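What follows is a set of notes on a single structure, which appears directly below.
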Amino acid sequence: MSTLTETTFKRIAEIARKRWGLALGERKMQLVANRLTSHLRKQGGSDIDDYVMRLERNPTEDDMLVLFDILSTNVTSFFRDPAHFAYLDRELFTPLARGTLSVPGRRLRLWSAACSVGAEPYSLAMQALELLPAATGFDVSIMASDLSNKALEGCRQATYTEQQLTGLTPERRARFLKKVTPAAVASNTAPHPSALTPLWRVTDDVRKMVEVRRQNLVEPYHGLGPFDVIFLRNVMIYFDRDTRREVVMRMHGALRVGGILTVGSAETLSGLDVPFKSVAPGMYVR
Ligand SMILES: C[S@@+](CC[C@H](N)C(=O)[O-])C[C@H]1O[C@@H](n2cnc3c(N)ncnc32)[C@H](O)[C@@H]1O
């Protein structure tokens, strides 16, 4: 199997830029080379240049989604950047519960855009269940979207390893997660160690608040919104400036006036010239 040359890497970077707005800098070259080589080896060891030529000339949607999974990063965790959740508690959920703030029809719509394997949208659902319990009469729903097959599958499964639960307090674990029996193994074979790893599944009441769908953030959003809150966290870092601005303006169109947009702790809207008011680190209001 061939190795990834700089020219071929640039061709891949061009596909990623056009299709998904990803800005693949040269420091990503080694990572891409490792992931591509491992993918092609599993496929029977085809040549990197042939593979890239096929993607440029005659790709299927599935080929493209496989490449997206090779190039993208799904790192996430429950209640990541707790200050963002504290802001929602203080400025939205608690005032709604106390009646000092209202939303039309007592309906609250949140969107976790680039939800990865689901820790973010399920954290939002857990927080809403804690602070706006059914008795308050609010109808809360969360849309969780991503482009990656791996992410969407993980989000739909809502099943996590012990390690992925970092960020959840013991109280939340006890209330919102259930231990899942390891997959049944054939009785005549010894269980594979991974089959014995304990897994935890998000409970039905949390899962049913979350609708999972595929959405490429750099393509138009038809019929989405208006949302009260959008989490657009830790994805803009992968985009160039023009794409960031374009995506943020689409989010603006999908938020109600007064709605909240949240970005990751290493991200900012400053310098993008977009009509949002900064209200706290990473938090903006339309
Ligand atoms: C690092 S994860 C962030 C997950 C979560 N928002 C968080 O902060 O924990 C970035 C996610 O962005 C998704 N992503 C990257 N480019 C995208 C695009 N053009 N459209 C939709 N999702 C995209 C990736 O698939 C990945 O799941």
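Read the figures in this text as sums done on the coordinates, not as results from a lab. All of these numbers come straight from a predicted model, not from anything done at the bench. Every residue, glycine among them, receives a Cβ derived from its backbone with ideal geometry; neighbour counts consider all protein chains shown.
For the reader, a short list of remarks on this structure follows.
- Above-threshold pairs, the threshold being 26 Å between Cα atoms, out of K10/K277; K10/K42; K28/K178; K28/K208; K18/K208; K150/K208: K10/K277; K28/K178; K28/K208; K18/K208
- Residue ranges 43-52, 263-272 sort as 263-272, 43-52 when ordered by packing (mean number of other C-beta atoms within 10 Å per residue, highest first).
- Length added when fully stretched, A23-V274, from 0.36 nm per residue minus Cα-Cα: 88.3 nm
- Rounded to 5, percent antiparallel among DSSP beta bridges of the chain: 40 percent
- Taking 0.36 nm per residue of separation and subtracting the current Cα-Cα distance, fully stretching the chain between Q157 and E61 would add 32.3 nm.
- Using C-alpha pairs below 8 Å separated by at least 6 residues, the relative contact order for the chain is 18 percent.
- Using a Förster distance of 35 Å, the FRET efficiency for R175-K42 (Cβ separation, nearest 0.05): 0.30
- Spin-label pair S2/V257, simplified geometry with 7 Å Cα→Cβ offset, distance in nm: 5.7 nm
- Entry note, the range 1-100: relative contact order of 27 percent, from Cα contacts under 8 Å with a spacing of 6+ residues.
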